[in-house]
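Colleague: One structure follows; several queries about it will come next.
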Amino acid sequence: MSNYLVVIPTVNEFHSLPKVIESVLKHNGFHVLVVDDASTDGTPQVVREKMSQDHRVSLIERPSKLGLGTAYVAGFKWGLQRGFRYFIEMDADGSHNADALPWFIKEIEKGYDLVIGSRYMEGTISVVGWGFRRLLLSKFGNLYASLMLGLRLNDLTSGFRCYSRQALQDIDLDRVHSNGYAFQIEMAYRVDAAGFKVHEMPIIFYERNYGSSKMSKGIVREAAILPWRLRIERLAGAVVRTLFGKKYVKEISG
């Protein structure tokens, strides 16, 4: 059994996915799990072909477009059931360089529970292929979410990251319902709020070569609203703890 599970959500990534899978498998100890949301371009067939060639490739096929967040949660649960130690999120479009995977493992084994691959560290912007407007939106969105949630992180929305098994087990994945960039924000928040150690390391992000971005107004809107929802949830929890004690909070939260 591999120690490291790379979860890759897909919707119509036929052209880029084969190279992404190959780039992961060249590193020892990594297993690829593709979670496909009803692709119509032959993406599942590509994965099945890879599965026939290498036992380190697996596939979950879902009946419709259920969203990025639920895809990752499904992948994490699959990996937890099979005993994987570390869980990496990675895009299917070639935006993330698989050569950074061993570095993620090296960093998380220093005692962290979430290592985020950051595009914005030490005053730099490590993004290739984005226009000024998209960079500004991303930078502002990350600053806004970090300030709202009290997190000293540069890149809350990064989708290239690594979790420890313990963190995913303890934060209760069934409570995570957001998708898109909001999912990345919520996961970082919940890992930090649970008392786990969060760390950032620099990466270079590359714009996709094939297909189209899944960005939409709905995704941006969800990411803008989420920090408020999490702040209200935190405040409500604090009030209940004050009035009824920690034991009561634990009981009502399941």
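Colleague: Of the residues in the range 21-45, how many are more than 18 Å from the chain's Cα centre (by Cα) and surrounded by fewer than 23 Cβ atoms within 10 Å (Cβ to Cβ)?
Modeller: 14
Colleague: State which residue is nearest to the chain's Cα centre (by Cα) when the search covers only the range 1-20 and only residues that are in a helix (DSSP H, G or I) and more than 19 Å from ARG161 (Cβ to Cβ).
Modeller: Looking at residues that are in a helix (DSSP H, G or I) and more than 19 Å from ARG161 (Cβ to Cβ), I get LEU17.
Colleague: Which of the residues that make up the range 89-130 are among the β-branched types (Val, Ile, Thr) and modelled with pLDDT under 95?
Modeller: The answer is THR124, ILE125, VAL127, VAL128.
Colleague: Can you tell me which residues in the range 209-223 are at pLDDT 75 or above and either surrounded by fewer than 16 Cβ atoms within 10 Å (Cβ to Cβ) or more than 14 Å from ASN179 (Cα to Cα) (or both)?
Modeller: If the condition is that a residue be at pLDDT 75 or above and either surrounded by fewer than 16 Cβ atoms within 10 Å (Cβ to Cβ) or more than 14 Å from ASN179 (Cα to Cα) (or both), then ARG221 is the only one that fits.
Colleague: Would you tally the residues in the range 104-138 being over 12 Å from SER158 (Cα atoms), buried (at least 16 other Cβ atoms within 10 Å of the Cβ) and of a type in the set (Phe, Trp, Tyr)?
Modeller: Summing the residues that are over 12 Å from SER158 (Cα atoms), buried (at least 16 other Cβ atoms within 10 Å of the Cβ) and of a type in the set (Phe, Trp, Tyr) in the range 104-138 gives 3.
Colleague: Could you tell me whether ARG152 is charged (D, E, K, R), assigned to a helix (DSSP H, G or I) and either in contact with a Pro (Cβ under 7 Å, 6 or more places away or on another chain) or surrounded by fewer than 19 Cβ atoms within 10 Å (Cβ to Cβ) (or both)?
Modeller: The answer is no for ARG152.
Colleague: Report every pair of residues separated by at least 6 positions or lying on different chains whose Cβ atoms are under 8 Å apart, first residue within the range 134-152 and over 12 Å from ARG231 (Cβ atoms), second of a type in the set (S, T, N, Q) and in a loop (DSSP other than H, G, I, E, B).
Modeller: SER138/THR157; GLY141/THR157; ASN142/ASN154; ASN142/THR157; SER146/ASN154
The values are calculated or read from the model by the stated rules, or taken from the named source; none is laboratory data. In this text, all values refer to a predicted model and were calculated from it rather than measured experimentally. Virtual Cβ from ideal backbone geometry, glycine too; neighbours counted across all protein chains shown.
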